[in-house]
Structures are given as structure tokens and as C-alpha cells.
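Contents: one structure, followed by commentary.
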Amino acid sequence: IQETFQTMDTVVLVVRVFIYGFITLLSLVGAANIVGTISTSLLLRKREFAMVKSVGMGNRAFDRMIRCESAFYGLKAVAWGLAGSVVAVFLMWKAVGQSFSLPFQLPWVQMLIGVAAVFLLVALTMAYSVHKIRNDSIVEDLRLE
């Protein structure tokens, strides 16, 4: 019996390592996708930003505009992500509920960590992209095309 328990513990450990590795890999791919998308989006709009600055928008107003845009990106991502997560958790509960009688409850702590991670990632990406855009010349950006 003890040997069977050791074998089961080893199998559980291997499954946990693979699951957490897979989750980490998916998280890194998702983060790289977010960083690439937002950075490319802002860099492609350099001409638009230069035009707005040339008509008198100061750095403070520009930063406020970018912060509002990043908050919108974060809220949109969180809304879709939380909706999909609730559906996925419910479907997993239904699948497991056939074998075990467990009450349905959402993993609130993990969801809050995910929300915080999304907003942090979007904020850092926006800050990096704005830093790159801010150092460019308005005249050179307007000549782009």
C-alpha cells in the first residue's frame, strides 16, 4: 500500500510539473503577444501623435490620453478574460461534479491576480512605448509615410 501511495505521489508531482509548465508557457506567450500588439499599435500611430503634438497638445495631456487608452485596453481584456474564465470554471465544475459533489465557487484570488497582472502588463507596455515615442522629433514623424 505504501509503494502504491509513493507511485501515486510521483505521478501527481509529474502531472503538476507539466501543468504548471504549460500554464507558464501560455502566460509568457500571451504576455509577449500583448506587448507586441500594443507596441506595434503605438509605433504605427507615431504620425498621428506627432500631428496632435504639433497643434499644441502638451506632454501632460498626451500622457493622460495614453493612460485613458491603456485603461480602456486593460478593461476590455479583463472583461473578455473574466467572462471566458467564469464559463470555463463552470464547465470544469460540471465535468467534475459528475464524479464528486463539490459546491460551485469561483477562484476569486486567482482572478484578482490575473486582473492585476493584465493591468500591470498593459501599463508597463504603454510606458515603454510612450518613452520610445516621446524622444522622436515631431518633424521627422510628420514626414513618415
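The values are calculated or read from the model by the stated rules, or taken from the named source; none is laboratory data. Here the structure is a predicted model, which is why all the values come from computation and not from measurement. Here the Cβ is made from the backbone with ideal geometry for all residues, glycine too, and neighbour counts use every protein chain on show. These accessible areas exclude ligands, DNA and RNA; they are computed on the full protein's heavy atoms, side chains included. Shrake-Rupley method; radii C 1.70, N 1.55, O 1.52, S 1.80 Å.
Worth a mention:
- Distant alpha-carbon pairs in the stretch 26-90 (separation over 16 angstrom), percent: 61 percent
- Computed log₁₀ I(q)/I(0) - Debye formula, equal Cα scatterers, no solvent, the chain, q 0.14, 0.16, 0.18 Å⁻¹: -0.83, -0.97, -1.11
- Taking the charge dipole of the chain about its Cα centre, with +1 at Lys and Arg Cβ atoms and -1 at Asp and Glu Cβ atoms, the residue from Phe100, Trp80, Ala127 reaching farthest to the positive side is Ala127.
- Probe 1.4 Å, protein heavy atoms only - accessible area per residue of the stretch 1-113 in square angstrom: 79 Å²
- Carbon-plus-sulfur accessible fraction, the chain (probe radius 1.4 Å, protein heavy atoms only): 70%.
- Ordered by 1.4 Å accessible area with all protein chains kept, Thr125, Thr10 run largest first as Thr10, Thr125.
- Computed on the chain, with alpha-carbon pairs under 8 angstrom and 6+ residues apart, the relative contact order is 47 percent.
- Exposed chymotrypsin sites (Phe, Trp or Tyr not before Pro) absent - longest run of the chain, DSSP non-H/G/I/E/B, at most 15 other C-beta within 10 Å: 1-99
- Estimated [θ] at 222 nm from DSSP helical runs (n ≥ 4, -39500 (n - 2.57)) normalised by residues in the chain, nearest 500: -30500 deg cm²/dmol
- Only the Cβ atoms of Lys and Arg (+1) and of Asp and Glu (-1) were treated as charged; on that basis the dipole of the stretch 1-138 about its Cα centre amounts to roughly 760 debye.
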